[in-house]
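Nothing in this text is a laboratory measurement; each read-out follows from the coordinates by a stated rule. None of the values given here were measured: they were computed from a predicted structure. In this analysis, Cβ positions are derived from the backbone assuming ideal geometry, glycine residues included, and neighbour counts consider all displayed protein chains.
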Amino acid sequence: MDLNTLRQFLVVARLEHLSRAADELHIAQPSLSRTIARLETELGTPLFDRAGRLRLNDTGRLFRGYVERALGELEAARRAVAEAASEGFGTVRLASETFLTFTGPLAAYKRAHPDIEIELHQMPAAEMARHLLAQDVDLCVASQPIQAEGLEAVQLLDEVVWLATPLDHPLASRTSVTIDELAGQHFIAAHKGHWQRRLLDRLFAARDLTPKIVCEGDEPSAIAELITAGLGIGLVPALARRSAAGAPIAWIAVDSPECRRTLTLYWGTGSHLSTAARLMRTTITGWNWDTDEALGKR
């Protein structure tokens, strides 16, 4: 059970498709099939279900967690040694659902530490715990809770989420609106799994309603632009509202205490954080999100 076998297993487990995994690994599919078969023989149990398409089974998911953590520890050791040998700060790897809200702290960090390399990874919150525990990334920022053991967290921001409408929309003159009044309205929303979509679905489900979604996209930053174009209405957090200042949009309060967004920074408990990662953690936790500048800065 060598490291190459374990890395190949992780690719197959992620893609659940031998030919695509072989293409990504640049090896022949028969060779990859034999590698997986030998691994299963060594472990004494199948890791995949092969009825129909290839599927990672419960044992495979259990094994994957251990493999990710083991390889993560080896990568952390490599990075720690490299940092010590070079007497440098290393590299910081930050993951988030979107980085549009991080331009301020990222720019300040780069100005203060121009020699540090920054790796940015965009991913849904549902994948963050696995990548943190595997030490694929150092820090994650999520707009929804990450339920997993072995993580530490600091809340960065708790803010209201507004309803945004075009200026000529019938609701545009309102100061507040109830969820019941939004039934049947045309919503522009993010894909399922994104915090904005989860919030929208949760608010409507509490009233036994389902939102009417006419546009569903991958990039939440486009929601305000599509609302401006008159294609529908949508939920936009206060932080994004500031960046959309001046846009022809009406901002309306939603009459629900649940219509809020919490921004949280996560990292692995006991993980070796490079000097670069610790400095990034300090920058992010020391940022004033209300004024978009470092705390204490005038």
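Below, the figures for the structure above:
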item	result
Within the chain, percent of DSSP bridges classed antiparallel, to nearest 5	60 percent
Among Pro145, Pro105, Pro46, residue whose mean-square fluctuation peaks in a GNM of the chain (springs only between Cα atoms under 10 Å)	Pro46
Per-residue HN-Hα couplings for the range 165-173 [Karplus 6.51, -1.76, 1.60; θ = phi - 60°; Hz; x = Gly/Pro]	9, x, 5, 9, 6, x, 8, 4, 8
Amide H contacts of Ile179 (H built 1.01 Å from N, under 5 Å, at least 5 apart or other chain)	Asp255
Placed amide H near Ile146: partners under 5 Å, 5+ positions off or other chain	none
For q = 0.10 Å⁻¹, Debye-computed log10 I/I(0) when each Cα of the range 144-298 counts as one equal scatterer	-0.43
Against the rule of thumb 2.2 N^0.38 Å, how large the Cα Rg of the range 144-221 comes out	1.29
Amide H within-cut-off set for Leu157, under 5 Å, with H built and near neighbours excluded	Leu263
Translational diffusion of the range 1-133, µm² s⁻¹ [Kirkwood Rh, Cα pairs; Stokes-Einstein; 4 °C; 1.567 mPa s]	75 µm²/s
Max mean-square fluctuation residue, GNM over the chain, Cα-Cα springs under 10 Å, options Val160, Val254, Val12	Val12
Among Ala22, Ala77, Ala277: highest mean-square fluctuation, GNM of the chain, C-alpha pairs under 10 Å	Ala22
Dipole-positive endmost among Met280, Cys215, Ile233 within the range 213-289 (Cβ charges, Cα centre)	Met280
Exposure proxy order (Cβ contacts within 10 Å, fewest to most) of Cys215, Cys140, Cys259	Cys215, Cys259, Cys140
All Cα pairs of the range 16-85, percent lying beyond 21 Å	40 percent
The range 157-261, dipole about Cα centre (Lys/Arg Cβ +1, Asp/Glu Cβ -1), debye to the nearest 20	120 debye
Read-out mean projected area of the Cα convex hull in nm², derived from the coordinates shown; its label in (i) 19.5; (ii) 13.6; (iii) 14.5	(i)
Size of electric dipole in the range 16-60: Cβ of Lys, Arg +1 and of Asp, Glu -1, about Cα centre, debye, nearest 20	140 debye
Estimated vicinal HN-Hα couplings, Hz - the range 37-54 in sequence order (Karplus 6.51, -1.76, 1.60; Gly, Pro = x)	5, 5, 4, 5, 5, 5, 7, x, 7, x, 9, 10, 8, 10, 7, x, 7, 5
